[in-house]
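Novice: Got a structure here, written out as structure tokens. Questions coming.
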Amino acid sequence: MTYVPRQDRIRELFPNEPAFRLRQIEEALFHPSVRGWNDITSLSLSMREALTASVPFQSLAVVKIFESKKQDTFKAIVNVEGDKEVETVLMKNPRGAWTICVSSQVGCAMACGFCATGKMGLIRQLHSDEIVDQYRLWQHFLLDHPKLPPRISNVVFMGMGEPLANYENVKATLNTILAQSDLGKTRITVSTVGVLPRLEQLLNDPDWPHVRMAVSLHSADPKTRKEIVPTSYDAFLPKLEDWAKRYLARFGNRRHHLTFEYVMLSGVNDTPHHAKLLAEFVKRIGNVRVNLIPYNFTGCEFTCSTKKNLDMFEEALEKSGVTVTRRRTMGEDIEAACGQLVRKEEANT
Ligand code: SAH
């Protein structure tokens with residue numbers, strides 16, 4: 001069964017209603033006091049009844065919400081149409097607000113060797129309603145838990161899936177969240193494995209909102225990169241370098257940099273030689289930050305770099321003048337950390 005977008009269902013239900021009415025409905029979906037069609041009191045009773053009877057108010061059905069011991073990470077397993085499950089995560093950030101991590105696909109086709117989602121293969125794309133509804137779900141969750149800080153301040157596309165392999169739906173999601181929430185472009189990050197044709201497309205797409213971009217580099221050595229990210233394009237590194245320079249020339253400024261993510265895998269990409277190659281690569285490009293991600297064990301051949309190697313790697317980058325941050329690992333006790341998003345049953349097959 002394929003997902004029928006909310007707007008199409010609404011249009012079909014009210015073919016003679018003017019466009020502004022549809023916009024009014026879309027806006028109401030994000031209003032904190034609106035928890036069901038019946039709450040949109042600006043609509044007539046008959047319209048509310050018709051909506052309640054035939055359009056799901058939320059496209060996601062919560063299967064289970066896990067809570068970390070520290071109450072700083074929550075993971076929701078949700079069902080989308082077709083009986084497929086995806087995961088979405090709510091994490092407390094240093095601002096004392098929440099960052100939500102959204103999934104853009106059920107599974108992923110990119111098959112990165114160290115990523116649990118990569119082992120599932122691609123099952124289906126998520127429609128923009130289904131991505132946007134992950135935001136709405138956490139918005140409602142926080143309203144229902146008044147003891148938790150109320151504000152969602154950031155959205156990262158770092159859940160299941162490769163966002164740029166679902167370009168149109170991700171673009172629609174970004175535009176909806178920017179229009180309907182109080183989040184600005186610098187509060188949203190799209191993380192990509194580096195789908196070069198789509199990176200090229202977004203450079204010249206007038207409808208692509210220039211939110212922050214993070215590229216999962218993982219190695220500046222072509223051989224190592226291909227080993228851990230098997231879908232890497234030929235000559236990926238020089239092509240990425242060329243793209244990144246053009247991207248930064250157009251959109252880079254004091255507040256707009258590019259991030260390279262780098263998962264630390266013991267003995268694979270964490271040697272002084274790898275640090276040197278990475279520093280050289282980054283410095284050729286310019287306004288780039290490196291985000292080191294301690295590898296979260298997902299039951300494959302890799303292990304996380306030792307603390308000593310992580311420290312040395314970080315120091316080597318800093319000494320070369322590279323801006324580097326280390327990702328805090330959160331939600332490990334509920335398997336909500338980076339790359340751990342996968343259904344258990346699927347992981348065991
Ligand atoms: N497809 C997107 C989003 C993936 S998840 C991308 O490739 O960027 C966000 C980040 O978590 C990516 O950098 C991804 O490589 C990283 N990641 C995946 N599995 C991981 C794991 N087991 N441990 C740590 N980071 C992981």
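The values are calculated or read from the model by the stated rules, or taken from the named source; none is laboratory data. Every value quoted in this text rests on a predicted model; they were computed, and no experiment measured them. Ideal geometry is used to build each Cβ from the backbone, glycine not excepted, and the neighbour counts take in all protein chains shown.
Novice: Would you say LEU148 is assigned to a strand (DSSP E or B), among the hydrophobic types (A, V, I, L, M, F, W, C), surrounded by fewer than 21 Cβ atoms within 10 Å (Cβ to Cβ) and out of contact with any His (no Cβ under 8 Å at 6 or more places or on another chain)?
Specialist: So LEU148 does not fit the description; no.
Novice: Helices (runs of 4 or more DSSP H) wholly in region 212-299 with at least 1 residues that are under 18 Å from VAL324 (Cβ atoms) - which ones?
Specialist: 236-251, 272-285
Novice: Would region 135-143 turn up any residue that is surrounded by fewer than 18 Cβ atoms within 10 Å (Cβ to Cβ), in the same structural domain as GLU332 (by TED's automatic domain parsing) and free of Cβ contacts under 8 Å to residues at least 24 places away in the same chain?
Specialist: No, there is no match, as no residue in region 135-143 is surrounded by fewer than 18 Cβ atoms within 10 Å (Cβ to Cβ), in the same structural domain as GLU332 (by TED's automatic domain parsing) and free of Cβ contacts under 8 Å to residues at least 24 places away in the same chain.
Novice: Now for a different question. Any residue that is assigned to a helix (DSSP H, G or I), out of contact with any Lys or Arg (no Cβ under 7 Å at 6 or more places or on another chain), within 12 Å of the ligand (Cβ to nearest atom) and more than 19 Å from GLY121 (Cβ to Cβ) - is there at least one of those in region 164-183?
Specialist: For region 164-183, residues assigned to a helix (DSSP H, G or I), out of contact with any Lys or Arg (no Cβ under 7 Å at 6 or more places or on another chain), within 12 Å of the ligand (Cβ to nearest atom) and more than 19 Å from GLY121 (Cβ to Cβ): present.
Novice: Now, a different point. Taking only pairs six or more apart or across chains, which ones have beta-carbon atoms under 6 Å, a first residue in region 162-191 that is under 22 Å from ALA28 (Cβ atoms) and polar (S, T, N, Q), and a second residue that is within 16 Å of the ligand (Cβ to nearest atom) and in a helix (DSSP H, G or I)?
Specialist: These pairs meet every condition: THR173/ILE131.
Novice: Only one of LEU29, LEU60 is touching a helix residue (DSSP H, G or I) at 6+ places or on another chain (Cβ under 6 Å) and in contact (Cβ under 8 Å) with a residue 40 or more places away in the chain; which?
Specialist: LEU60
Novice: Could you tell me whether CYS108 is more than 12 Å from the chain's Cα centre (by Cα), in the same structural domain as ILE65 (by TED's automatic domain parsing), within 10 Å of the ligand (Cβ to nearest atom) and in contact (Cβ under 8 Å) with a residue 12 or more places away in the chain?
Specialist: Judged against the criteria, CYS108 is a match.
Novice: If you don't mind, there's one more thing I want to ask. Could you please give the count of residues in region 211-240 that are more than 16 Å from the ligand (Cβ to nearest atom) and surrounded by fewer than 15 Cβ atoms within 10 Å (Cβ to Cβ)?
Specialist: Residues flagged as more than 16 Å from the ligand (Cβ to nearest atom) and surrounded by fewer than 15 Cβ atoms within 10 Å (Cβ to Cβ) within region 211-240 amount to 4.
Novice: So for region 94-101 (the condition being assigned to a loop (DSSP other than H, G, I, E, B) and touching an Asp or Glu at 6+ places or on another chain (Cβ under 7 Å)), does at least one residue qualify?
Specialist: no
Novice: Which residue pairs have Cβ atoms under 6 Å apart, sit 6 or more places apart or on different chains, and have a first residue in region 113-130 that is closer than 30 Å to LEU29 by Cα and a second that is among the aliphatic types (A, V, I, L, M) and part of a helix (DSSP H, G or I)?
Specialist: Listed pairs, sorted by first residue: SER128/ALA172.
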